[in-house]
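Worksheet: one structure, shown below.
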Amino acid sequence: LDGTKICVPLGPLAERILVPASSNGKVGLFLLDPKATGVSWAEGHSTSLEKVYELVLDNAVVAEVLVAPGAVTPQDSEALSWLLDRATVGLCSVQVGLSDRALKMTAEYTREREQFGRPIGSFQAVHTRAADAFIKLEAMKLTTIGAIHKLQQNEPADVDIAIAKYWCGEGGFFVTYAAQHLHGGIGVDLDYPLFRSYIQGRHNELLLGSATQQLDNLGEMLANSPAPAPTY
């Protein structure tokens, strides 16, 4: 294999690296030994402050060919697309759990934190913003579950996954940002756990793609799909 992969998590610490690569326009999947000849690593840091690595391959010999370029899965879909669909929905699920925890932390905090002799959660501006975040979170859950169901049933799920990506990208940022805002100064304290939720949520949003990009993708998908037959 020859080429470069960026933002590889764990990198040289892993036992094997799953690498998609193309040959004559066909994509295959390969297992690579991170210590093999022709493999080099450069360390970096992601938005979430976790270590990521740049993987550079120079005539590297793979440990195993999982899917030869051009081969298909039992579901009759391209191997890389099959993998990416499930990885994307998995990331959406992580974003849902992270946002859910951030909002629960915010609810607990605003019940206990007092200002002007009363809990700040009783102020209209606070519970209105928290309610908006809750609605976003419920949309994230619903669309992610819908995408998971389609994949479990081996049904076409491109549109469902794109919708989940939109809500988990845009909604995840909204929820974690609102959580930080409602916490006030302590929300950006590096020793307070909410800070980790915010930067990890932002990291996940960037991995999923911006909300605007997802809406553009959805619009193109819907525009190119055949119109449904009318029902009476």
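Just so you know, all these numbers are worked out from the coordinates, no wet-lab data involved. As the structure is a prediction and not an experimental result, all values here were calculated from the model. Every residue, glycine among them, receives a Cβ derived from its backbone with ideal geometry; neighbour counts consider all protein chains shown.
At-a-glance table
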item: Positive dipole terminus of region 95-196, leading residue within Gly184, Leu194, Thr144 (C-beta point charges); result: Gly184
item: Anchor Lys150: lysines whose Cα lies under 19 Å away (excluding residues fewer than 8 positions away in-chain); result: Lys141, Lys165
item: ³J(HN,Hα), Karplus 6.51/-1.76/1.60, whole Hz, each residue of region 40-45, x for Gly, Pro; result: 9, 10, 10, 7, x, 9
item: For Arg113, residues with placed amide H under 5 Å, excluding near neighbours; result: Ile120
item: Helical contribution to [θ] at 222 nm, DSSP H n ≥ 4, -39,500 (n - 2.57), averaged over the chain, rounded to 500; result: -16500 deg cm²/dmol
item: Gain in span if fully extended, Arg101 to Leu190, counting 0.36 nm per residue against the direct Cα distance; result: 30.3 nm
item: Net charge of neighbours whose Cβ lies under 15 Å from the Cβ of Ala130, counting Lys and Arg as +1 and Asp and Glu as -1; result: +1
item: Phi-based couplings in Hz for region 96-110 (Karplus 6.51, -1.76, 1.60; Gly and Pro marked x); result: 4, x, 5, 5, 4, 5, 4, 6, 5, 4, 5, 4, 5, 5, 6
item: Point-charge dipole on Cβ atoms (K/R +1, D/E -1) for region 132-197, about Cα centre, debye to 20; result: 60 debye
item: Built amide H within the under 5 Å cut-off of Val52, gap 5+; result: Gly44, His45, Ser46
item: Cβ-placed point charges (K, R +1; D, E -1), dipole of the chain about Cα centre in debye, nearest 20; result: 580 debye
item: Positive minus negative residues near Gly209 (Lys, Arg vs Asp, Glu; Cβ under 15 Å); result: -4
item: Rough spin-label spacing in nm, given labels placed 7 Å along Cα→Cβ, for Lys51 and Glu220; result: 3.7 nm
item: Difference of contour (0.36 nm per residue) and Cα-Cα distance, Thr212 to Arg86; result: 43.2 nm
item: Hits among aspartates and glutamates - C-alpha to C-alpha of Lys136 under 13 Å, sequence gap 8 or more where chains match; result: Asp100, Glu170
item: Sequence-separation-based contact order of the chain, relative, with Cα cut under 8 Å and 6+ spacing, percent; result: 17 percent
item: Label-zone membership for region 179-210, site Glu138, 7 angstrom Cα→C-beta point, backbone N under 20 Å; result: 179
item: Those residues of region 1-15 whose amide nitrogen sits under 15 Å from the label point placed on Val65, 7 Å along Cα→Cβ; result: 1-2
item: Top of Leu137, Leu13, Leu55 by mean-square fluctuation, Gaussian network on the chain, Cα under 10 Å; result: Leu13
item: Nearest 10 degrees, 0 to 90: helix 194-208 Cα axis against the chain principal axis; result: 40 degrees
item: Using alpha-carbon coordinates, inclination of helix 211-224 to the longest axis of the chain, degrees; result: 60 degrees
item: Sites matching chymotrypsin sites (Phe, Trp or Tyr not before Pro) across region 100-152 that sit in DSSP coil, with at most 13 neighbouring C-beta atoms within 10 Å; result: Phe116
item: Where trypsin sites (Lys or Arg not before Pro) fall in DSSP loop in region 18-51, at most 14 other Cβ within 10 Å; result: Lys35
item: Virtual spin-label span in nm between Asp158 and Cys7, 7 Å along Cα→Cβ; result: 2.3 nm
item: Cα-based Rg of the chain normalised by 2.2 N^0.38 Å, two decimals; result: 1.23
item: Region 63-187: equivalent-ellipsoid semi-axes (sqrt of 5 x gyration tensor eigenvalues, Cα, Å); result: 40, 14, 9
item: Dipole of the chain, positive end: most advanced residue of Pro9, Ala125, Ala60 [Cβ charges, Cα centre]; result: Ala125
item: Free-standing Cys residues across the chain, given no other cysteine C-beta under 4.7 angstrom; result: Cys7
